Amino acid sequence: MGFPFQDRFNQIDGGDITLSIREKAEGGRVTLPYYYYNILAHGILVGKISIRIGDNFHTYYNGHVGYEIDPEFQGHGYARRACELVLDVARFHGMTRLYLTCGEDNAPSWRTIERLGGNLLEICEMPREYFAWYEGIPRHRIYQLDL
């Protein structure tokens, strides 16, 4: 039996933005099940966001939420709004807190996370055991967001 994805989350309407499902994936040896969305503002594709469900060693460093806003649409709060919309997906699946992470010098991302209410746990070196580790990977800011 696979992960209990919910079709009710295939599209999430937030008024000014809409999340439209791109992919649902079961996860694997080191990855978690996730919902992956297009972020649409007034019908225009402005970026993407994913919400990973569950916990493992890698989640602490990778975070439960990953987002990217296309450069020409940055600075309009779309990442924060999209993050707010995926919180209900996490809650539905029984999650009570999320880790959100970004590179230490990624000020737009850490400001987004702090505006969401994320609490900084630490700024740390990434361990070699982390699945996405590479030589020169920057230090990361690790936040916790209680749901």
Residue that is touching a residue at least 24 places away in the same chain (Cβ under 8 Å) and among the β-branched types (Val, Ile, Thr), where the choices are Ile69, Ile123: Ile69
Any pair with Cβ under 7 angstrom, 6 or more apart, that starts in the range 2-29 at a residue that is under 25 Å from Ile44 (Cα atoms) and ends at one that is open to solvent by 30 Å² or more (accessible area, probe 1.4 Å) and hydrophobic (A, V, I, L, M, F, W, C): Gln6/Phe92; Asn10/Ile21; Gln11/Ile21; Ile17/Leu40; Thr18/Leu40; Ser20/Leu40; Lys24/Phe5
Per-region count, the range 34-58, residues under 16 Å from the mean Cα position of the chain (by Cα), free of Cβ contacts under 8 Å to residues at least 60 places away in the same chain and more than 17 Å from Cys83 (Cα to Cα): 2
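Out of Gly118, Gly77, I need the residue that is closer than 17 Å to Asp146 by Cα, at pLDDT 95 or above and either open to solvent by 40 Å² or more (accessible area, probe 1.4 Å) or small (Gly, Ala, Ser) (or both). Which one?
Numbers: Gly77 fails: closer than 17 Å to Asp146 by Cα.
Answer to the selection: Gly118.
The values are calculated or read from the model by the stated rules, or taken from the named source; none is laboratory data. Predicted model, so just to flag it, every value in this text is computed and none were measured. So basically every Cβ, Gly included, is an ideal-geometry build from the backbone, and we count neighbours across all protein chains shown. Heads up: the accessible areas ignore ligands, DNA and RNA and are worked out on the full protein's heavy atoms, side chains in. Shrake-Rupley method; radii C 1.70, N 1.55, O 1.52, S 1.80 Å.
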